[in-house]
1. Failed condition for B:G659, given (1) within 23 Å of B:G523 (Cα to Cα); (2) touching a residue at least 60 places away in the same chain (Cβ under 8 Å), with all others met?
2. What is the residue count in the range A:118-141 for residues that are within 18 Å of the chain's Cα centre (by Cα) and over 18 Å from B:A667 (Cβ atoms)?
3. What pairs can you find where one residue is in the range A:19-47 and more than 7 Å from every other protein chain (Cβ to nearest Cβ) and on the phi > 0 side of the Ramachandran plot, the other is in a helix (DSSP H, G or I) and at pLDDT 95 or above, and their Cβ atoms are less than 7 Å apart, with a gap of 6+ or different chains?
4. For B:T527, state whether it is under 20 Å from the mean Cα position of the chain (by Cα) and at pLDDT below 95.
5. With within 20 Å of the chain's Cα centre (by Cα), of a type outside the set (A, V, I, L, M), in the same structural domain as B:L547 (by TED's automatic domain parsing) and farther than 30 Å from A:G37 by Cα as the only criterion, which of B:E489, B:E454 stands out?
6. List every residue pair whose Cβ atoms sit under 9 Å apart, with the two residues 6 or more apart in sequence or on different chains, where the first one lies in the range B:260-280 and is on the phi > 0 side of the Ramachandran plot and the second, anywhere, is surrounded by 24 or more Cβ atoms within 10 Å (Cβ to Cβ) and of a type in the set (V, I, T).
7. How many of the residues making up the range B:592-627 are touching a helix residue (DSSP H, G or I) at 6+ places or on another chain (Cβ under 7 Å), within 21 Å of A:Q95 (Cα to Cα) and outside any strand (DSSP E or B)?
Amino acid sequence: MVKLKINQKEYSVDASPDMPLLWAIRDVVGLTGTKFGCGMAQCGACTVHLDGEAVRSCVTLVSRAVGKEIVTIEGLSANPDNYLQKAWIELDVPQCGYCQSGQIMSAAVLLKENPDPTDEDIDSAMSGNICRCGTYPRIRKAIHLAAKMQREGGSGK
Amino acid sequence: MSTTTNVSRRNFLKTGAVLSSGLLISFTVPGAKKLGAATSMVGPQSGAAFAPNAYLHITADNEVLVYLAHAEMGQGIWTTLSMMIADELDVDVNKMTVQHGDAWKPYQHTAFGIQITGGSSTTWSEFDRYRKAGATARALLVQAAAQKFGVSPSECKTENGMVTAGDKSATYGELATAAGALPAPGEVPLKDPKDWKYIGKGVKRLDTPAKINGTAKFGMDMQFPGMLTAVVLHAPVFGAKVKTVDAAKAKSIPGVKQVVQIPGGVAVLADNYWAAKKGRAALKVDWDLGSGVKVDSAAMLAQYKQLAKTPGTPAGKEGNVDSAMSKAVKTVEAEYVFPYLAHAPMEPLNVTIQLKGNQCEIWTGTQMPGIDQEAAAKVLGLKPEQVRVNTVFLGGGFGRRATPASDFVKEAAEIIKASGKPLVKMVWSREDDVKGGFYRPMFLHKITAGLNAEGMPVAWKHTIVGQSIMEGTFFAGMIKDGIDGASVEGVVDSPYMGAIPDRLITLHSPKNEVPVLWWRSVGHTHTAMAMEGMIDELAQAAGKDQLAYRQELLKSHPRHLAALNLAAEKAGWGKPLPEGRFRGIAVHESFLSYVAQVAEISLNSDGTIKVHRVVSAIDCGLAVNPDGVKAQIESGINYGLSAALLGEISLEKGRVKQGNFNDYVVARMFDTPAEIEVYIVKSDGKMGGVGEPGVPPVAPAIANAYFNATGRRLRQLPFNKAVHSIEADMHIPHT
């Protein structure tokens with residue numbers, strides 16, 4: 001049993017220490033918003049926050065997450081003022097939607113560290129997140145919109 | 001089943017006769033009646049007081065339930081089909097509860113005859129059925145209100161889920177029970193387009209909120225108490241068979257519950273994915289590799305090049321091509337080469353399956369639930385109606401989740417049968433997905449064109465080589481006179497052919513062990529590149545502007561022209577570009593829609609291509625949800641760009657060389673254009689699709705831009721690999 005703190009809640013998790021955090025979150029704890037896409041930190045669908053940093057949970061061992069604050073898409077969504085999600089709705093970003101949890105988790109860290117990113121900053125910060133539906137142009141625009149809302153504390157319009 | 005539902009069922013049967021008349025039939029799968037047509041499935045069990053048809057129920061609590069005959073895989077039909085009902089029913093589209101329908105006969109495709117989401121056909125094929133479903137329900141609600149209010153139906157008005165007459169009003173929920181008891185009406189008139197509130201104007205996607213907060217359920221997210229997760233060790237080579245299995249070490253891994261052999265390999269069942277995957281890694285399996293071990297894609301290409309020197313089965317013939325070619329002032333010859341491609345949807349394939357006695361239930365993201373239902377039933381020795389298929393959100397489809405062989409559903413059924421366990425989720429790893437076959441086939445096009453003194457084509461000789469995707473499937477009946485239409489679509493029906501009096505198009509369909517399948521835009525994935533690449537080469541040979549040359553050839557094709565001209569205008573065709581930027585253009589019709597694209601590129605320092613901007617115009621007839629149309633074209637552009645620049649599956653000694661996104665490279669954000677602009681041609685032409693037609697023109701638009709940048713022709717995909725060897729062996733000089 002390992003103790004994990006996910007979205008401000010303590011869990012006793014029956015997981016072998018070599019189990020990637022992704023499977024502890026999905027298969028053991030049962031939070032399925034964090035997605036499995038590649039299993040080797042190539043696609044970013046499994047992105048979560050570990051002490052505020054975006055990590056690929058499919059290659060992050062459970063043992064590394066012990067004692068840290070883990071936030072998943074479910075935890076991020078608990079904040080009703082999430083500008084990213086507002087911008088995602090405003091610009092109709094998702095298509096199949098499978099990668100979008102990971103996209104939003106990566107974008108959240110970008111906006112925390114860089115409140116006014118350029119296209120290049122966005123391309124670079126989001127380079128680890130693949131979207132096979134190719135929603136990239138809308139993700140880029142939505143990050144700009146969310147950044148604007150965050151700076152102005154409003155709708156960004 | 002409640003009495004109310006029984007009444008509703010009868011209503012459906014009566015109403016169904018009305019709904020099934022007058023539908024556009026453009027193409028029917030031969031023998032479709034025998035396929036996926038389990039008739040005694042129960043359909044939606046909403047218990048709703050008013051269930052006038054299979055597509056729409058209304059509860060006494062005023063909940064409007066929409067059942068989709070098609071699957072949502074990103075293309076937006078969750079929203080579009082709901083809009084059609086909402087407009088006729090006069091309800092707020094944002095207050096509807098949308099869900100996928102079961103595998104059930106009323107959800108069979110109105111034109112194709114099986115339950116399928118594919119062929120970019122959902123919107124046009126359901127446009128009448130879903131509007132009529134809403135209109136019929138509205139008529140019954142009005143009738144119920146008229147009786148309740150003691151007025152005539154003509155005195156009643158409907159708006160926002162209410163019927164009003166004078167000072168009297170009732171919600172649809174309040175009228176549901178009474179409406180549910182009424183007999184089905186006859187033909188109900190549909191609204192005049194000027195009265196549409198949503199259609200043609202647009203609605204934000206109804207599935208966005210669930211897809212950005214982690215609550216949307218994909219197949220991968222199915223979880224039930226007592227469920228085991230299965231991971232399969234697949235054959236290393238297509239068609240290989242298990243000889244011996246040593247599972248001792250695998251069974252000793254904590255969490256591993258069982259190891260079973262199935263026809264395609266060995267399945268490890270465990271408490272969770274990680275344990276199952278570790279168990280799989282510990283298996284020792286000896287394989288009988290079979291003939292598949294000989295497959296080598298490089299050797300296959302050499303063989304295709306040889307084959308292309310000989311004529312294949314005629315697919316299109318007019319006049320005397322050899323005689324016309326001999327009289328041509330100039331001839332141009334080119335060979336276009338396309339690799340195998342994996343679909344690689346973000347969600348790896350998975351199926352959750354439950355077996356209780358003779359009742360089976362399946363949860364999966366599928367484009368063909370009826371076919372999967374039949375396949376699972378066959379494996380399990382059940383009747384199709386004993387298998388319930390629940391379609392959940394698809395984490396991408398692109399054709400991979402419409403497999404005539406039902407490979408992944410069949411595999412899950414084999415696992416539950418062999419294991420004797422009640423509930424199993426089978427999960428493919430990314431490597432299983434990339435190495436698992438069902439690829440867009442490798443293709444080769446060899447084209448010779450003859451030009452007259454004005455530089456216009458007068459002779460066209462075209463040989464296509466590539467595996468048939470229909471062969472060996474229940475679609476094989478569509479192969480006519482040895483021609484799989486999916487191999488030649490976009491060539492035999494190309495609008496350019498009408499302007500060329502003497503032509504011969506032939507096809508070779510070699511067979512091998514590699515499973516192949518449609519891949520977003522099917523034959524057009526290669527034929528558009530071959531046609532639009534070649535036309536561009538002819539414009540060059542004729543010394544003409546690439547846009548003007550196409551305009552001349554397409555002068556009797558107004559929808560091609562409209563898209564072409566709009567894209568050219570918006571892209572600023574002919575206007576100066578910044579230093580180092582170059583444009584290329586292409587236009588192609590597929591799935592009844594006409595799409596033109598102008599790509600703007602520059603070259604990276606290593607000679608590879610950077611695409612900065614793509615301007616696209618589409619004529620799809622009525623755009624039901626215009627921003628949804630734009631989103632699909634953007635998506636098609638990036639999906640096509642991924643294949644044009646980066647994508648390739650290759651095989652050596654029967655083994656697929658790629659396995660994950662590190663070596664099966666797909667477009668990331670930085671690979672994609674900073675600017676994608678989509679313009680919709682104002683059109684009252686026949687409705688077409690939008691899911692696929694954005695894909696085909698991308699590759700030729702980029703290749704043609706590359707020619708304008710370098711004077712060299714790209715004829716082999718993926719381009720960012722081909723640019724390095726282009727001089728060496730791909731450049732065939734013009735004669």
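The values are calculated or read from the model by the stated rules, or taken from the named source; none is laboratory data. Since this is a predicted model, take the numbers as computed values, not measurements. Ideal geometry is used to build each Cβ from the backbone, glycine not excepted, and the neighbour counts take in all protein chains shown.
1. (1)
2. Selection size over the range A:118-141: 1.
3. From the range A:19-47, the pairs are A:G44/A:G102; A:G44/A:S106.
4. On the way: under 20 Å from the mean Cα position of the chain (by Cα): yes; at pLDDT below 95: no.
So B:T527 fails the test.
5. Details: B:E454 fails: within 20 Å of the chain's Cα centre (by Cα).
Every option except B:E489 fails the conditions.
6. So the pair list comes out as B:G265/B:V232.
7. 4
Okay, residues lined up against (1) in the same structural domain as B:K682 (by TED's automatic domain parsing); (2) within 26 Å of B:F127 (Cα to Cα); (3) among the acidic types (D, E):
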residue: B:A165; (1), (2), (3): no, no, no
residue: B:S169; (1), (2), (3): no, no, no
residue: B:A176; (1), (2), (3): no, yes, no
residue: B:A179; (1), (2), (3): no, yes, no
residue: B:A184; (1), (2), (3): no, yes, no
residue: B:E187; (1), (2), (3): no, yes, yes
residue: B:W196; (1), (2), (3): no, yes, no
residue: B:D207; (1), (2), (3): no, yes, yes
